[in-house]
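These notes are about the structure you will find just below.
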Amino acid sequence: MNALSLDTVVLAENKQELVILDQTLLPGEIRYLHLSRTEDIREAIYSLRVRGAPAIGVAAAYGIYLAVAGLEETDMDRFCAVFREKKAYLNSARPTAVNLSWALNRMERVLDAERDTLSVEEMKRRLCQEADAIRAEDIAISRSIGEYGFSLLRHGDGILTHCNAGTLATAKYGTALAPIYIALEHGWDDLRVFCDETRPLLQGARLSAFEMQTAGVDTTLICDNMASITMKRGKINIVFVGCDRVAANGDFANKIGTSGVAILARYYGIPFYVCAPSSTIDLSIPSGEHIVIEERPAEEVTHMWYAKPMAPEGVKVDNPAFDVTDHSLITGIITEKGIAYPPFDRAFARLGIV
Ligand SMILES: CSC[C@H]1O[C@H](OP(=O)(O)O)[C@H](O)[C@@H]1O
């Protein structure tokens with residue numbers, strides 16, 4: 001079974017349930033959840049059952065549609081009031097990935113633009129169409145990022161990636177792993193992928209290594225603290241990572257540990273590329289210090305993967321889920337519109353990212 005064949009997040013045919021692959025159970029178990037309640041969809045986002053900036057955006061778009069799809073309401077004002085209440089609730093699930101608010105805001109723009117010309121029932125159908133469009137666009141965007149990223153690869157390259165920005169982080173194909181999927185489509189069979197395990201939630205070990213191994217790619221799992229020696233030994237030719245929010249100057253937030261990988265890549269003279277759908281670029285913030293970093297429960301560090309205590313009871317724990325990498329450490333930002341090179345604010349404008 002190839003992970004690329006798994007749907008990450010999709011609306012059920014009856015249009016009454018969101019079907020998500022529960023990523024907290026991977027790689028050991030493939031289980032799909034059928035969720036219709038807003039509370040359950042929000043919990044799935046918070047608990048990383050569905051995760052990855054683009055996948056979170058798709059889940060939120062369908063989540064807000066499902067939040068109002070069952071309303072037996074004919075008054076548009078009351079329908080809109082419920083919509084906005086449910087939107088705020090879904091938006092509070094996780095703060096760092098911009099795609100969550102981006103998708104919900106896009107859905108609200110449809111509501112505001114067409115509320116005077118549609119009935120409530122017609123609006124429900126229109127919102128479902130917009131969520132479908134967001135998902136379809138995400139797949140096309142991932143493929144385009146993959147094509148641009150593939151243009152940077154050479155036969156035999158060793159690629160380091162951090163966390164999971166593969167098909168499981170999007171509707172399909174992924175961002176940082178998309179170039180490898182495209183290379184496979186071109187018949188390449190000599191790439192080597194190194195996956196940082198990415199503590200504490202191990203998205204690299206559990207998800208990226210799973211994706212690459214099931215795709216038949218030469219895959220090596222390393223602990224996060226092994227990235228330096230792996231680079232020093234000359235095994236890495238390029239780094240591809242995903243992102244959760246990119247600021248106007250190119251600073252970006254990604255899974256905790258990414259900034260360390262970027263510093264190492266700079267030290268060892270290895271190209272470091274960020275794979276960013278334009279929906280993840282937030283031009284409303286000038287630089288990375290404006291990005292809110294999600295803090296998560298201590299148990300993810302101390303208890304999640306251990307049968308026995310791995311730390312003294314009651315020890316203080318920091319668990320920031322993301323960190324911000326300075327734009328000065330980035331070789332290029334691969335978007336679906338092309339590759340942006342420094343200075344990134346001008347490059348974004350040239351690519352039509354406004
Ligand atoms: C293609 S975006 C993937 C991005 O999202 C991940 O965060 P999380 O697993 O907490 O949703 C990670 O930062 C990935 O790079």
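The values are calculated or read from the model by the stated rules, or taken from the named source; none is laboratory data. The structure presented is a predicted model; accordingly, all values stated were derived computationally and were not measured. With ideal geometry, Cβ positions are generated from the backbone for all residues, glycine too; neighbour counts draw on all protein chains shown. In case anyone asks, the SASA skips ligands and DNA or RNA and just uses the protein heavy atoms, side chains included. Shrake-Rupley method; radii C 1.70, N 1.55, O 1.52, S 1.80 Å.
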Tyr62 meets each of (1) within 21 Å of the chain's Cα centre (by Cα); (2) more than 16 Å from the ligand (Cβ to nearest atom); (3) open to solvent by 30 Å² or more (accessible area, probe 1.4 Å) with one exception, condition (3)
Residue check: is Val315 at pLDDT 95 or above and either outside the structural domain of Glu197 (by TED's automatic domain parsing) or surrounded by fewer than 16 Cβ atoms within 10 Å (Cβ to Cβ) (or both)? yes
Keeping to the range 247-273, report how many residues are part of a helix (DSSP H, G or I), away from the ligand (no atom under 12 Å from the Cβ) and among the hydrophobic types (A, V, I, L, M, F, W, C). 4
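Only one of Leu201, Leu160, Leu168 is within 24 Å of Gly260 (Cα to Cα), assigned to a helix (DSSP H, G or I) and either within 21 Å of the chain's Cα centre (by Cα) or among the polar types (S, T, N, Q) (or both); which? Spell out how you get there, then give the answer.
Numbers: Leu201 fails: assigned to a helix (DSSP H, G or I); Leu160 fails: assigned to a helix (DSSP H, G or I).
Result of the check over Leu201, Leu160, Leu168: Leu168.
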When Pro342 is evaluated against the numbered criteria (1) open to solvent by less than 60 Å² (accessible area, probe 1.4 Å); (2) out of contact with any strand residue (DSSP E or B) (no Cβ under 7 Å at 6 or more places or on another chain), which criterion, by number, is the only one it fails? (1)
How many residues does the range 145-160 hold that are among the charged types (D, E, K, R) and either in contact with a strand residue (DSSP E or B) (Cβ under 6 Å, 6 or more places away or on another chain) or under 26 Å from Asn225 (Cβ atoms) (or both)? 1
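Take the conditions surrounded by 13 or more Cβ atoms within 10 Å (Cβ to Cβ) and without any contact (Cβ under 8 Å) to a residue 24 or more places away in the chain and apply them to Leu25. Does it pass?
Spelling it out, Leu25 is indeed surrounded by 13 or more Cβ atoms within 10 Å (Cβ to Cβ) and without any contact (Cβ under 8 Å) to a residue 24 or more places away in the chain.
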Residues in the range 204-236 that are in contact with a helix residue (DSSP H, G or I) (Cβ under 7 Å, 6 or more places away or on another chain), part of a loop (DSSP other than H, G, I, E, B) and either among the basic types (Lys, Arg) or surrounded by fewer than 18 Cβ atoms within 10 Å (Cβ to Cβ) (or both) total 0
I'm checking my understanding of the structure. Among residues of the range 158-189 that are within 14 Å of Ser5 (Cβ to Cβ) and open to solvent by less than 10 Å² (accessible area, probe 1.4 Å), which one is nearest to the ligand (Cβ to nearest atom)? Gly174
Could you tell me which residue of the range 7-22 is surrounded by the most Cβ atoms within 10 Å (Cβ to Cβ), considering only residues that are over 16 Å from the mean Cα position of the chain (by Cα) and in contact (Cβ under 8 Å) with a residue 12 or more places away in the chain? Leu18
